[in-house]
Amino acid sequence: MTLLTTWPASGPDTVLRRTTDPAEIAAALAPLGVRYERWPVRPDVPKDADSETVFAAYGPEIAKLNAEEGFTTVDVLGLHPGDDPGYPAKAKAAREKFLQEHTHDDDDEVRFFVSGSGIFYLHVGDEVHAVLCEKGDLLGVPRGTTHWFDMGTSPSFTAIRFFHEEDGWVGNFTGDRIAERFPDYDTIAAGYRA
């Protein structure tokens, strides 16, 4: 289930909004230009499914979104603990990169969670909105929106990524260390599931 938490950008001492209601989440994010919707969860798709399996399972949804938004590139990214001895280094490097506040000049950041979870933090005006996305969630962050992403210290997720530009993910880092002032994925997920 998705969780939206909103705080003042000055820090997390005051919770302005906290909800798990999908309609409330969509209504709160819409004025920010953020697309939030739920897609059906396909229980027969393993959490670490390969691209071919994911594309076969979510073909109709992908085709519909591509028709609406004109994406040119769609891929599948997965990061799961397991037999890969390189997992700890890959997980640490990925987390450190995405934890830095950034924007995208030329593309939206659109992700659908096939499995697992992660948190998008949207720094818009004088507020920070933390959107804990789990399997079945689609989130579209508009180009130019200041944000960061946390997948936790032991990431486990598979996501479909949508791009208008063939270059894929290109971030412009702000240099602001705002992410350090807010609860991270591990803290929020632990409290949410308690």
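The values are calculated or read from the model by the stated rules, or taken from the named source; none is laboratory data. Keep in mind that what you see is a predicted model, and the values were worked out from it rather than measured. Ideal geometry is used to build each Cβ from the backbone, glycine not excepted, and the neighbour counts take in all protein chains shown.
Observations on the structure shown:
- Residues (among the aliphatic types (A, V, I, L, M) and assigned to a strand (DSSP E or B)) located in region 71-124: Val74, Val76, Leu77, Leu79, Val110, Val114, Ile119, Leu122, Val124
- Filter result for the condition that a residue is loosely packed, with under 14 Cβ neighbours inside 10 Å and either within 22 Å of Thr187 (Cβ to Cβ) or of a type in the set (A, V, I, L, M, F, W, C) (or both), over Val45, Val76, Val15: Val15
- Checked against the criteria, Glu96 does not count as in contact with a strand residue (DSSP E or B) (Cβ under 8 Å, 6 or more places away or on another chain) and acidic (Asp, Glu).
- Members of region 153-168 found to be part of a loop (DSSP other than H, G, I, E, B) and either exposed (fewer than 14 other Cβ atoms within 10 Å of the Cβ) or at pLDDT 95 or above (or both), listed by number: Thr153, Glu166, Asp167, Gly168
- Put simply, of Phe113, Phe120 the only residue that is modelled with pLDDT of 95 or more and touching a Cys at 6+ places or on another chain (Cβ under 6 Å) is Phe113.
- Subset of region 1-36 that is hydrophobic (A, V, I, L, M, F, W, C) and part of a helix (DSSP H, G or I) - its residue that is farthest from Glu180 (Cα to Cα): Ala23
- Number of the condition not met by Lys90 [criteria: (1) surrounded by fewer than 19 Cβ atoms within 10 Å (Cβ to Cβ); (2) at pLDDT 90 or above; (3) closer than 30 Å to Arg177 by Cα]: (2)
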